[in-house]
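Below: the structure, in structure tokens.
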Amino acid sequence: MSTRRGSATPWRVLAAGLALAGAGCLVVWADRSVPADPGAGARPTVAVASEADTADPSTDPPSRRPVRLRIPALDLTTRLTRLGLQADGTVEVPVDPAVAGWYRLGPAPGDRGSSVILGHVDSADGPAVFYRLSELDPGDRVRVLLDDGTTARFAVHAVTTYPNAEFPGRRVYAAAAGRQLNLVTCGGAYDAGRGGYQANVVVNARLVSGPA
């Protein structure tokens, strides 16, 4: 199920792509057609959110769009796809595990508010684009190239692993203060019997300069 605006429990965390486990699982959507064992052909997972606490849809659309992400400390460069909402109101996740995606209904990196980029941690074939995301340290730099040729430069502020039940959805997707970038992937222990990864890694970065 999905959680809609006005629900008594506005947040559920989505770990997409793995078979749904037993009762009490925090997964709000999963493809039951794939096996739960990530070594046996399961799709990669990444935690995302429902529309209830993502950025205010009344906000003007970003004037710029991010096209590439670079994290020098991880020797990581990836193009960025655009992610919206699925039919059930949950946020889309990248189709390609080697590519990260920007949540296009929120602000562009460098604009005021909380911009979000999602990426998978692994796949049936091995490590995915954000496999090493948790290795970042405060002060590490993150660069986002925008489609107008400018670059938004960020410094990592915090790297936090949240258990699924404690995922701070509104803070990640809809914080209004400052100009922030949140990079999100799955983390913690993998438990097939409980639906997959049991936590989420969130890297919060603050704008240093740009777009320029």
> How many of the residues making up the range 173-212 are at positive phi, in a strand (DSSP E or B) and modelled with pLDDT of 90 or more?
Replying inline: 1
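For every residue, the table says whether it meets (1) open to solvent by less than 10 Å² (accessible area, probe 1.4 Å); (2) free of Cβ contacts under 8 Å to residues at least 60 places away in the same chain.
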| site | (1), (2) |
| --- | --- |
| His157 | no, yes |
| Gly169 | yes, no |
| Leu183 | yes, no |
| Ala189 | no, yes |
| Arg194 | no, no |
| Tyr197 | no, no |
| Asn200 | yes, no |
>> Within the range 78-91, does at least one residue satisfy the condition of being within 18 Å of Ala174 (Cα to Cα), modelled with pLDDT under 95, crowded, with 23+ Cβ neighbours inside 10 Å and of a type outside the set (Ser, Thr, Tyr)?
In response: yes
>> What are the pairs with Cβ atoms under 6 angstrom where one residue, in the range 105-125, is polar (S, T, N, Q) and the other, located anywhere, is open to solvent by less than 10 Å² (accessible area, probe 1.4 Å) and assigned to a loop (DSSP other than H, G, I, E, B)? Sequence gap at least six, or different chains.
In response: Ser115/Gly106; Ser115/Pro109
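The values are calculated or read from the model by the stated rules, or taken from the named source; none is laboratory data. All values derive from a computational prediction rather than experimental measurement. Because the Cβ atoms are built from the backbone with ideal geometry, glycine has one as well, and the counts that use them run over all protein chains shown. The protein model used for the area step is the full one, side chains on, heavy atoms only, and it has no ligands, DNA or RNA in it. Shrake-Rupley method; radii C 1.70, N 1.55, O 1.52, S 1.80 Å.
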